[in-house]
Amino acid sequence: MAPIIAVKDVCKIYNRHAPDEMIALDNINLDIAAGDVVALTGPSGSGKTTLLSLLGCMGRPTSGSIRLHERHISRLPERFLAKIRRETFGFVFQHYNLLRDVSVTENVMLPLYPTAMRVKTMKNLAHEVLERFGIGHMADKKVKLLSGGEQQRVAIARALVTQPDIIIADEPTAHLDNELAHDLLAIFRQLSDDGKTLIIATHDPFVSRSGLIKRTIELRFGRVVGDVFP
Ligand code: ADP
Ligand code: MG
């Protein structure tokens, strides 16, 4: 089967031709299959976040190409990229970026606004996903009244309300205690069981040893130095 994402000869250079030029990704070649659960590892500064941003259509490579579902995305204009990003990816970051003064439901509905769906439909979808993550009863509460763990679930619900095929997570457990990290992995496992593709940048052994990961790609100085299927 064709890969869901195919990365070919990709380089990313920041501040090109300037004294502080930085080759963040140096000739990356990768195929990611639908249903893969990938851990992207490597020391700080090795290029994990940069690679995630290119895979997730949040930036463009300096050279090389990326295909998503067989389609070249590296050169598409921003408005097309934004649409693809919205329809294909769910992003889970260390910082939740929730709107603290509005309700849980409104936060989760946010990614649906550009779809021109009816508000009632958006609300229903938001409630469904909140129920799924065990926080349906908090729907009308303001986010600032929730605990850290509850806020994390809201952020994940928001990332998943568009029913993305690919979930991209950047060091998702970095600020979580063990119990929350455990809950997050349970959610990831559920998504994997549903056939979703997960790409998780992490150097947390708790994640790599959880049994969830099907493939580990290791970066050093912007290059792939390991690609194992344990
Ligand atoms: P990681 O996520 O593995 O820590 P990053 O992808 O964030 O690595 O960074 C890779 C390299 O690129 C680092 O040296 C970092 O300082 C540099 N870098 C990242 N983002 C930028 C940027 N916007 N401008 C300039 N340099 C950057
Ligand atoms: Mg990073």
Task: Cα gyration tensor of segment 8-86 - equivalent ellipsoid semi-axes, whole Å, descending - done: 21, 17, 11
Task: Heavy-atom surface of segment 4-144, accessible at 1.4 Å and reported per residue (Å²) - done: 52 Å²
TODO: Count the lysine pairs in the chain whose Cα atoms sit under 17 Å apart, keeping only pairs 8 or more residues apart in sequence or on different chains.
DONE: 5
Task: Relative contact order (%) - criterion: Cα under 8 Å, at least six apart; region: the chain - done: 29 percent
- [ ] Place a label point 7 angstrom from the Cα of residue 175 along the Cα-to-Cβ direction, then list the residues of segment 70-98 whose backbone nitrogen is under 19 Å away.
- [x] 91-98
Task: 5 Å-binned pair-distance histogram of segment 1-138 (Cα, whole percent) - done: 2, 8, 15, 17, 16, 14, 12, 9, 5, 1, 0
TODO: Report the full-extension gain for the segment residue 223 to residue 58: residue separation times 0.36 nm, less the Cα-Cα distance, to one decimal in nm.
DONE: 57.4 nm
TODO: Would you please calculate the Kirkwood hydrodynamic radius of segment 52-198 over all C-alpha pairs and express it in Å, rounded to one decimal?
DONE: 16.1 Å
Open item on the list: If each residue of separation counts as 0.36 nm, what is the full-extension length gain between residue 71 and residue 16 once their alpha-carbon separation is subtracted?
Closed with: 17.1 nm
Task: For segment 148-230: relative contact order, % (alpha-carbon pairs under 8 angstrom, 6 or more apart) - done: 26 percent
Open item on the list: So if I take the centroid of the Cα atoms in segment 40-62 and the same for segment 1-20, what is the distance between those two points in Å?
Closed with: 9 Å
Task: Computed [θ] at 222 nm, deg cm²/dmol, the chain (DSSP H ≥ 4; -39,500 (n - 2.57); rounded to nearest 500) - done: -9500 deg cm²/dmol
Task: Inter-site label distance for residue 29 and residue 9 at 7 Å from Cα along Cβ, in nm - done: 1.0 nm
Open item on the list: On alpha carbon coordinates alone, what is the Rg over Rh value for segment 111-230, Rh being the Kirkwood radius?
Closed with: 1.01
Open item on the list: Within the chain, what whole-number % of the accessible surface is contributed by carbon and sulfur, with the 1.4 Å probe and all protein chains included in the calculation?
Closed with: 52 percent
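The values are calculated or read from the model by the stated rules, or taken from the named source; none is laboratory data. Note that the structure is a prediction, hence the values are computed from the model and not measured. Counting neighbours? That spans all protein chains shown, and the Cβs are built from the backbone with ideal geometry, glycine included. When the accessible area is computed, the model is the full protein with side chains, heavy atoms only, and any ligands, DNA or RNA have been set aside. Shrake-Rupley method; radii C 1.70, N 1.55, O 1.52, S 1.80 Å.
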